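The structure under discussion is supplied below as structure tokens; questions concerning it will follow.
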Amino acid sequence: MSKFTVENPIDLLTFLRFDVTAKTLYARHREKGVENAWAKKVYEHHLQVWGGFTEKEPVKKGVQDFYNSFHEVLDSIKNNGFDEHKSCIPVSESSSLLNGSHRVASAIQHNKSVVCEVSPVTVGQLECTSWYFQNKRDIVPTGLLENVADSMALEYTRLKTNTYLATAYQHTFSNMGVVSAVFAKYGIDIVYSKNATLTPSGQLNYLL
């Protein structure tokens, strides 16, 4: 298995790992020492949807275990940088993140390089998209709440400056398959999508 260094950990944030944004949102609020009730809500809700506050490796049972572990990682990377002797970030052969999203979020928050290791997909999970979280309803019947997803999407745009907004108006809805095909043809990844109903004045203000 090959190891390599990623100087800018934001490069590991892609549409496939929407979950990272819940962690960076919380990390930033914690670092600033400001009111973080909403950041906690986002962080906790995405964990609840994902696994009901449990994790097999390393073992975590309950939300406080996640906070304790995350705080330890945040402080360690802030003070000492990323220690490849403790662990590496597992990635696929295409350099997509498989595991270690808390470590990646910590590195993003503190602008530290990370060491990755090409690993089999079985060591983690490749697809953790917004669609995945919104449609994962085996633990939380609602899936990821829309207002939480909205905050995570905004966090993504804050971190990735090459993110753009595409708007499809009502008259195009019957041709969304064509739109998706065009995006796929040019390698455009969809991070997040949602429907919005606007009043006539709201439509005008949106265009302006």
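Write down Rg/Rh for the chain, rounded to two decimals, with Rg from the C-alpha atoms and Rh from the Kirkwood relation over Cα pairs.
Rounded to two decimals, Rg/Rh equals 0.99.
With labels modelled as points extended 7 Å from the Cα through the Cβ direction, what inter-label distance (nm, one decimal) is found for residue 59 paired with residue 4?
The answer from the label model is 3.7 nm.
Say a site is exposed when it is one of the GluC sites (Glu not before Pro), sits in a DSSP loop, and has at most 15 other Cβ atoms within 10 Å; what is then the longest site-free stretch of the chain?
My reading of the result: 128-208 is the longest stretch.
Where the centroid of each part is defined by its Cα atoms, how far is the range 159-208 from the range 1-76 in Å?
28
Further question on the same structure: Name the long-range amide H neighbours of residue 60: under 5 Å, sequence gap of 5 or more, or other chain; modelled H, no Pro or chain starts.
Residues meeting the amide H criterion: 55.
With every protein chain kept in place and ligands, DNA and RNA left out, what is the accessible area per residue of the chain? Probe 1.4 Å, answer in Å².
That works out to 59 Å² per residue.
Shifting gears a bit: Sequence neighbours fewer than 8 away in the same chain don't count; with that in mind, list the aspartates and glutamates whose C-alpha is under 12 Å from residue 160.
The reachable aspartates and glutamates, counting only those whose Cα sits under 12 Å from residue 160, are 11.
Taking the chain as a Gaussian network, Cα atoms linked when under 10 Å apart, which of 73, 34, 114 shows the biggest mean-square fluctuation?
In the Gaussian network model the winner is 34.
So, one more: Contact order normalised by length for the range 111-208, with contacts defined as Cα pairs under 8 Å and 6 or more residues apart; what percent is it?
With pairs under 8 Å counted, the relative contact order is 22 percent.
Can you give me the distance in nm between label points at residue 184 and residue 92, each placed 7 Å from the Cα along the Cα-to-Cβ direction?
Each label point lies 7 Å from its Cα, and together they span 1.6 nm.
The values are calculated or read from the model by the stated rules, or taken from the named source; none is laboratory data. Keep in mind that what you see is a predicted model, and the values were worked out from it rather than measured. No Cβ is skipped: glycine too gets one built from the backbone with ideal geometry, and neighbour counts run over all protein chains shown. Surface areas here come from the heavy atoms of the whole protein model, side chains and all, with no ligands, DNA or RNA. Shrake-Rupley method; radii C 1.70, N 1.55, O 1.52, S 1.80 Å.
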